[in-house]
1. Quick one: what Rg and Dmax do you get for region 79-137 from the alpha carbons, in Å?
2. Taking every DSSP beta bridge that has both residues in the chain, what percent is antiparallel when rounded to the nearest 5?
3. Just from its helices, what would the mean residue ellipticity at 222 nm be for the chain, if runs of 4 or more DSSP H residues each count -39500 (n - 2.57) and the sum is divided by every residue, rounded to the nearest 500 deg cm²/dmol?
4. How large is Rg/Rh for the chain, to two decimals, with Cα atoms and a Kirkwood Rh?
5. Region 1-77: D in µm²/s via Stokes-Einstein (Kirkwood Rh, Cα pairs, 20 °C, 1.002 mPa s)?
6. Would you look at the GNM of the chain, springs on alpha carbons closer than 10 Å, and say which of ALA118, ALA41, ALA102 moves the most?
7. By per-residue mean of other Cβ atoms within 10 Å, what is the highest-first order of 86-95, 119-128?
8. Which FRET efficiency value, to the nearest 0.05, is calculated for VAL107 and PHE82 with the Förster distance at 22 angstrom and r the Cβ-Cβ distance?
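Computed from the coordinates by the stated procedures, all read-outs in this text should not be read as laboratory data. Here the structure is a predicted model, which is why all the values come from computation and not from measurement. Cβ sites come from the backbone with ideal geometry, for glycine too, and all protein chains shown count toward neighbours.
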Amino acid sequence: MKLEPYLFFNGRAEEAIVFYETHLGATREMLLRFNESPDPAPPGVVPEGFESKVMHASLIVGGSRLLISDGCDPTPASFSGFSLALNVDGVAAAERAFNALAEGGSVLMPLGKTFFAASFGMVTDRFGVSWSVIAEC
């Protein structure tokens, strides 16, 4: 059994994918657009203008898979009630990842040493996704 987060960006998935590739070193496993689906969606399911949006994508971030879609909702995405934990090797890597995620986002807890980590901080990225960045002791 595996647990893999599946994030719905409601029209901004491709932007998020490129951002995570560029700033977190994510590797794209696959990307399928709604208009590339072998089985077309039932009428009215895909909002107008979403035909070339991301139906399903898979990224590898570190050793973990992150699933991404634009979904079928044109309203702005809302991510609440969870945080993605990004465990990195060392304080310098934590600073790089944290600063990249904070670009256009907001810092919830500044990055710093804690009793449980060499470096830990919480940030919400430009897409509204909450991240906990940690470099363990």
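1. My reading of the Cα-based Rg and Dmax gives 10.4, 30 Å.
2. On the way: 22 of 29 bridges.
The antiparallel proportion sits near 75 percent.
3. Working: 2 runs with 24 residues, N = 137.
So the calculated ellipticity at 222 nm is -5500 deg cm²/dmol.
4. Numbers: Rg = 16.2 Å, Rh = 15.8 Å.
Result for the chain is an Rg/Rh of 1.02.
5. Working: Rh = 12.9 Å.
Estimated via Stokes-Einstein, D reaches 167 µm²/s.
6. Checking each option, the largest mean-square fluctuation is seen for ALA41.
7. On the way: 86-95: 15.9, 119-128: 20.1.
In decreasing order of mean packing, 86-95, 119-128 become 119-128, 86-95.
8. Working: r = 18 Å, r/R0 = 0.82.
So, using R0 = 22 Å, E works out to roughly 0.75.
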